[in-house]
Amino acid sequence: MITLEKIQQALTEDRLRPYGQDGADTRLVLARYLWNIAICESLYTPLHLAEVSLRNSINANLAEQFSRSDWYEDIHLLTSWQTEQLTLAKQQIRKNEKSITTEEIVSELSLGFWTGFFNKTHVRSGLGHSLAARVFPYAPRNEKDLRKIDYRWKRIRDLRNRIFHHERIIHWKDLDLQHEAIIEAISWISPEVHLMSVRLDRFKATRNQGVGPWVEVVNRIVDSP
């Protein structure tokens, strides 16, 4: 028989505690937990499309700009932290018994590596400004400011990391705005991918349904014979 106690034991009280800080009963706490999972799931698609579009666009533009597919081998283009990330990526590729190719490198490098091209170091080198114009060709001129780009992608990266580490996000007051920022960022890179992301998007529907449907799910699970 399924009991709330057994579910709590499996998920741990520490993980469920943030969902009941207002004194909610156990069923509502679990429902909020499930709703959080659903919200995270709905954000996976736009986050995926944003990250893949960004890294592929940066890679293509750097390869074209420096006339070499392995542009990342030019250490003068990278910060010391990016160089370290590149080394770790190569180590992981070798560990996976794969060849060191541009495709593998691009896939293995973290989102932080790619967003790092818009930080202060690359502002000073001029590379950041060059990439902003090339990577976001459809962005309004005032949105190509590197401080704005850096801030936006730091927020996207933070949300991505929290989702991938199964953390609570339903309490974020600006979650709707963050979702809109992701979708908008995709439109600056590729109108086609943006259209696909809009048609596949389930965030608003999942968000607007609220926790109610998940209370019903919990009740059906726990009250089932």
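The values are calculated or read from the model by the stated rules, or taken from the named source; none is laboratory data. None of these values were measured; they are calculated from a predicted model. Neighbour counts are summed over all protein chains in view; Cβ atoms, including those assigned to glycine, are modelled from backbone coordinates with ideal geometry. Note: accessible area is taken over every heavy atom of the protein model, side chains too, but ligands, DNA and RNA are not part of it. Shrake-Rupley method; radii C 1.70, N 1.55, O 1.52, S 1.80 Å.
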Does region 130-138 contain at least one residue that is within 19 Å of the chain's Cα centre (by Cα), modelled with pLDDT of 95 or more and open to solvent by 30 Å² or more (accessible area, probe 1.4 Å)?
no
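Here is a list: Ile149, Ile182. Which entry is touching a helix residue (DSSP H, G or I) at 6+ places or on another chain (Cβ under 8 Å) and over 27 Å from Phe66 (Cα atoms)? Break it down into steps so the answer makes sense when it comes.
Values: Ile149 fails: over 27 Å from Phe66 (Cα atoms).
Criteria check complete, one pass: Ile182.
So, Ala181, is that one without any contact (Cβ under 8 Å) to a residue 40 or more places away in the chain and either charged (D, E, K, R) or open to solvent by less than 50 Å² (accessible area, probe 1.4 Å) (or both) or not?
Yes; evaluated as a whole, the condition is true for this residue.
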List the helices (runs of 4 or more DSSP H) inside region 5-123, counting only whole elements, that have at least 2 residues being open to solvent by 20 Å² or more (accessible area, probe 1.4 Å) and closer than 22 Å to Trp153 by Cα.
26-66, 80-95, 102-108
Exactly one of (1) within 26 Å of Gly128 (Cβ to Cβ); (2) open to solvent by 70 Å² or more (accessible area, probe 1.4 Å) is unmet by Lys204. Its number?
(1)
Name the single residue, out of those in region 89-123 being in contact with a Leu (Cβ under 7 Å, 6 or more places away or on another chain) and among the aromatic types (Phe, Trp, Tyr), that is nearest to Leu49 (Cα to Cα).
Trp114
